[in-house]
Each structure stands twice: as C-alpha cells, then as structure tokens.
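Participant: Submitted below is the structure of interest, expressed as structure tokens.
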Amino acid sequence: MNDKTLADNLLTPLQVAEILGVSSGTLAVWRSNGACQIPYIKVGRCVRYKRSVIESFLQQQEHLHTHLKTGGK
C-alpha cells in the first residue's frame, strides 16, 4: 500500500462519528476511557482512524438477537 492509499483510507473523528452515529465528543471519551477500544492513529494532536478498523469494528457489532439476562428469580 503506498502513502497516498494509506492517507486516503484514514478517517477523521468527525467522519467516524458520522459513520457510527455518535458525536465526535463520544469518540473522544471512548479514546480516553477505552470504552470501545477502537484503535486509532495519533500524530501530534491529529487523530485518525483506519477505514478498515472501523469496518471491522462495525462487523463485530452485528448481532442476531438480543440476549436477555434473567435474575434467576
């Protein structure tokens, strides 16, 4: 993969937020507390996400049904 291809496949936090349907602030919180553990690239103050990482994250979120936990009562 050449540099142009890599740069073309990097997404800004705003782009990722739009894809995931959350705010960019939520992404910042997730980065800070590790809530979703989405890998990111940081150079200086610039944060970027690999498109392939976001696509993989979304695939991991697929569910066939909701698991309901019972209290055993």
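Nothing in this text is a laboratory measurement; each read-out follows from the coordinates by a stated rule. Keep in mind that this is a model prediction, so the values were computed, not measured. Because the Cβ atoms are built from the backbone with ideal geometry, glycine has one as well, and the counts that use them run over all protein chains shown.
Participant: Once the dipole of the chain is set up with Lys and Arg at +1 and Asp and Glu at -1 on Cβ about the Cα centre, which of S52, L6, V29 lies farthest towards its positive end?
Facilitator: Comparing the listed Cα positions along the dipole, V29 ranks first.
Participant: Calculate the dipole size of segment 3-51 relative to its Cα centre from +1 charges on Lys and Arg beta carbons and -1 charges on Asp and Glu beta carbons; express the result in debye to the nearest 20.
Facilitator: Working: 7 positive and 3 negative charges, 30 e Å.
Here segment 3-51 has a charge dipole of around 140 debye.
Participant: Using only Cα atoms, what is the ratio of the radius of gyration of segment 3-51 to 2.2 N^0.38 Å?
Facilitator: Details: Rg = 10.7 Å, N = 49, 2.2 N^0.38 = 9.7 Å.
Dividing the Cα Rg of segment 3-51 by 2.2 N^0.38 Å gives 1.11.
Participant: For S23 and A35 in the same chain, what is the full-extension length gain: residue separation times 0.36 nm, less their Cα-Cα distance, in nm? Mind showing how you got there, number by number?
Facilitator: On the way: separation 12, 0.36 × 12 = 4.32 nm, distance 1.45 nm.
Using 0.36 nm per residue and subtracting the Cα-Cα distance, I get 2.9 nm.
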